[in-house]
1. Kindly flag which residue pairs out of LYS139/LYS161; LYS84/LYS190; LYS157/LYS184; LYS102/LYS157; LYS84/LYS192; LYS94/LYS161 have an alpha-carbon separation exceeding 28 Å in this structure.
2. Using the reciprocal of the averaged 1/r over all distinct C-alpha pairs, how large is the Kirkwood radius of the range 1-78 in Å?
3. Can you pull the one-decimal nm distance between simple spin-label points at LYS157 and THR197, each 7 Å off the Cα toward Cβ?
4. Please report the relative contact order for the range 138-200, taking Cα pairs under 8 Å with a sequence separation of at least 6, and give it as a percent rounded to a whole number.
5. Place a point 7 Å from the Cα of ALA10 along the Cα-to-Cβ direction; which residues of the range 98-121 have their backbone N under 13 Å from it?
6. Could you please state how large a percent of the accessible area of the chain is carbon and sulfur, counting protein chains only and using a 1.4 Å probe?
7. Per residue, what accessible area does the range 138-200 have, given a 1.4 Å probe and all protein chains present, in Å²?
8. Above 16 angstrom, tally the Cα pairs of the range 58-176 and express them as a % of all pairs, no decimals.
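The values are calculated or read from the model by the stated rules, or taken from the named source; none is laboratory data. Only a predicted model underlies this, so the values are computations on that prediction, with no experimental measurement involved. Because the Cβ atoms are built from the backbone with ideal geometry, glycine has one as well, and the counts that use them run over all protein chains shown. Quick note on the areas: whole protein, heavy atoms, side chains included, nothing else; ligands and nucleic acids left out. Shrake-Rupley method; radii C 1.70, N 1.55, O 1.52, S 1.80 Å.
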Amino acid sequence: MIKLPNLSIALQEQITNNSALVEIPADTEILREGQYVKVIPLVLEGLVKVFTKYEDKELLLYYIQPNESCIMSFTASLKNEPSKVYAITDENCKLLLLPVDKVAQWIGEFPDLNNLFFQQYNLRYSDLLETINQLLFDKMDKRLLDYLKEKVALTKKNPLKISHRQIASELGTAREVISRVMKKLEQEAKVKQLSTTIELL
């Protein structure tokens, strides 16, 4: 039986017996905008990033960490609506794929599953508010530094192997902007740039 914190033994058994355990490599798209959701991913290991696109720009909304799920997938599946977001594995992941029809059934039978998704709602609501506040009120140097700090905390890696282009994509800006701000942060001794990595100091 797969161990899932804060869920009853009976529910853990149901999930183990009815869900698919999969290993997915980094940089794999697991959900795209417009797709109808048939399974809800629960992250056991690794990190998944959820983002939105507008024209040719992307914006990172939040990360899904171990023992968390994608509330956007959950909402879209219960309403039988197409997804409004994209999800990509940020590193190698182990996911538990919960079938939508079973989740709808379990919600009525197991209150602890409701609690899990309510917690996810609260968490993602806070994440989205933080993203909006950063977009509206923070200068790019603070946004970039906060982004790098979060990335280091989540991945437990420093230096980070990441390009200016990827950072720009996730922050919804241009690569040239990131390169300029990164140089400023380096001059302030907050980061150190090597050929393929960025170290937070």
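1. Pairs exceeding the cut-off: LYS84/LYS190; LYS102/LYS157; LYS84/LYS192.
2. It works out to 14.1 Å.
3. The modelled label-to-label distance comes out at 1.0 nm.
4. Relative contact order for the range 138-200 comes out at 38 percent.
5. From the range 98-121, the list is 106-113.
6. Values: 5760 of 11070 Å².
For the chain, the apolar C and S fraction of the accessible surface comes to 52 percent.
7. For the range 138-200, the solvent-accessible area averages 56 Å² per residue.
8. Taking all Cα-Cα pairs of the range 58-176, the fraction more than 16 Å apart is 68 percent.
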